[in-house]
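Peer 1: Supplied in structure tokens, the structure appears directly below.
The values are calculated or read from the model by the stated rules, or taken from the named source; none is laboratory data. Computed from a predicted model, the values in this text were never measured in an experiment. Here the Cβ positions follow ideal geometry from the backbone for every residue, glycine too, while neighbour counts run over all protein chains shown. Keep in mind that these areas ignore ligands, DNA and RNA; they rest on the heavy atoms of the full protein, side chains included. Shrake-Rupley method; radii C 1.70, N 1.55, O 1.52, S 1.80 Å.
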Amino acid sequence: MNEKKFQRNVRIAISPVCNMKCIYCEGNNGFGKNGRTAAMEDIRRKPISEGNITTEELLEILKVFYKVGFNGITLTGGEPTVNKEWDKIINETAKIGFERREMTTNGVLLGDYFRKHGKLPKLTLIKISFDTDDKEEFNRMTGGDFFDKVVDSVKTVSPHINIIRANKVMLRKDLKDLNRYINFCRSIGFTAVNLLELVAYPNSTWTEENKNFFKEQFVPYEEMIKELRKVENLESKRYKYGHISIAKDGFQIMATDSKYTIRDEQCKNCPIDCQQGKFTVRIATDGNITMCPDYKSELVSFNGIEALKNNTLETRLREMFETLTTVPEIDWFDEFRKKYDLL
């Protein structure tokens, strides 16, 4: 029996590479640690040279995820559309029964895909990383001449999907232009904007420059909401991970509050001020399954293909699912930021 009391997504990296070279990516300038190429959310345990699991293997793993109660998927990477079977994965997960079929993408290839096929696969939500409406700044941040391609993609596919959302990491320097940014997103076809808090990674590679940038540019969630109310003159309503405002034309403006994602005592010792906590489970391109970015590799992490073959996958995923439904929510951000002198 497929229990669906809790809405839980599984986040799937389907490509270890990206066609952008974003300055903020873990694979900065195309090459990240351990030889990964713009890996970002591909939390794998093997080097790229050892290869990726096949689409068929991934779908077999996902059938077990659905069986134990996960009812949504999000494709990510690297850049998911670099994987030539990304559309097959979306359509096959719809057949399995996943109700929410989302993709987080840079959007570069979406317009060309639609013109070639005349339709989109069965996506319920597209999320495009779109941090600025300033063309010069966008191209500087992404390491190439990508702005026009992304804008073209949004204009091309937006009439053919109910929700296409711009994800923006909110920086203090951008507050004064927030109204312009939101109106530009509206004008090109986005139906929603999600403002995200800046994250901090005070680990072994953390520098004084990183810390100063965070302290200068971090915008607390409460301040984002205050600014949004001035921009849109709307009262926002609470949702699970933040606030959402809906304008008269249906345009949604969301702000994500990292305090309200799922965390526990184990998270307290992690040197990453992330947006996510343990709110989801990830599958890497090598089949590794873990619960979060897991900087120290201390959380549950195992080879999904091996577990599938030895018939332990269902048991292990049920344990993960139970953890996600019972873990206490602990607000420890102020403590974290004080510890690393980020306040």
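Peer 1: Hey, which of the helices (runs of 4 or more DSSP H) in the range 146-223, taking only ones fully inside, have at least 2 residues that are among the hydrophobic types (A, V, I, L, M, F, W, C) and open to solvent by less than 70 Å² (accessible area, probe 1.4 Å)? Working first, answer last.
Peer 2: Values: elements: 147-157, 178-188, 208-217.
Ranges flagged: 147-157, 178-188.
Peer 1: Would you point out the residue of the range 69-103, among those that are closer than 25 Å to Glu319 by Cβ and aromatic (Phe, Trp, Tyr), that is surrounded by the fewest Cβ atoms within 10 Å (Cβ to Cβ)?
Peer 2: The qualifying residue surrounded by the fewest Cβ atoms within 10 Å (Cβ to Cβ) is Phe98.
Peer 1: Being at pLDDT below 75 and out of contact with any strand residue (DSSP E or B) (no Cβ under 8 Å at 6 or more places or on another chain) is the filter here, so list the residues in the range 240-259 that pass it.
Peer 2: Pass one, the range 240-259, residues at pLDDT below 75: 240-242, 258-259.
Within the range 240-259, Lys240, Lys259 meet the criteria.
Peer 1: Take the residues in the range 281-299 that are closer than 25 Å to Lys339 by Cβ and either touching a Ser or Thr at 6+ places or on another chain (Cβ under 9 Å) or of a type in the set (Phe, Trp, Tyr) (or both), then tell me which one is modelled with the lowest pLDDT. Explain how you work it out, then say what you get.
Peer 2: At the first step, the residues of the range 281-299 found to be closer than 25 Å to Lys339 by Cβ are 290-299.
Filter once more, keeping what is either touching a Ser or Thr at 6+ places or on another chain (Cβ under 9 Å) or of a type in the set (Phe, Trp, Tyr) (or both): 290-292, 294-295, 297, 299.
On the way: Thr290: 88, Met291: 82, Cys292: 73, Asp294: 62, Tyr295: 57, Ser297: 63, Leu299: 69.
Here the residue is Tyr295.
Peer 1: Working only within the range 19-70, note down all residues that are under 19 Å from Val300 (Cβ atoms) and either of a type in the set (D, E, K, R) or at pLDDT below 85 (or both).
Peer 2: Those that are under 19 Å from Val300 (Cβ atoms) and either of a type in the set (D, E, K, R) or at pLDDT below 85 (or both): Glu41, Asp42, Ile43, Arg44, Arg45, Lys46, Lys67.
Peer 1: Just to be sure before I move on: is Glu56 in contact with a Pro (Cβ under 9 Å, 6 or more places away or on another chain), closer than 16 Å to Ile283 by Cβ, among the acidic types (Asp, Glu) and open to solvent by 10 Å² or more (accessible area, probe 1.4 Å) in the structure I sent?
Peer 2: On the way: in contact with a Pro (Cβ under 9 Å, 6 or more places away or on another chain): no; closer than 16 Å to Ile283 by Cβ: yes; among the acidic types (Asp, Glu): yes; open to solvent by 10 Å² or more (accessible area, probe 1.4 Å): yes.
No; evaluated as a whole, the condition is false for this residue.
Peer 1: Find all pairs meeting these conditions: Cβ atoms under 7 angstrom apart; at least six residues apart or on different chains; first residue within the range 303-324 and of a type in the set (D, E, K, R); second residue at pLDDT 85 or above.
Peer 2: If the second residue must be at pLDDT 85 or above, the pairs left are Glu314/Val64; Glu314/Lys67; Glu314/Val68; Arg316/Phe302; Arg316/Ala307; Arg318/Val68.
Peer 1: Mind checking which pairs have a first residue in the range 104-125 that is touching a residue at least 24 places away in the same chain (Cβ under 8 Å) and a second that is open to solvent by 40 Å² or more (accessible area, probe 1.4 Å) and of a type in the set (Asp, Glu), Cβ under 8 Å, 6 or more apart or different chains?
Peer 2: Gly111/Asp152; Thr124/Glu99
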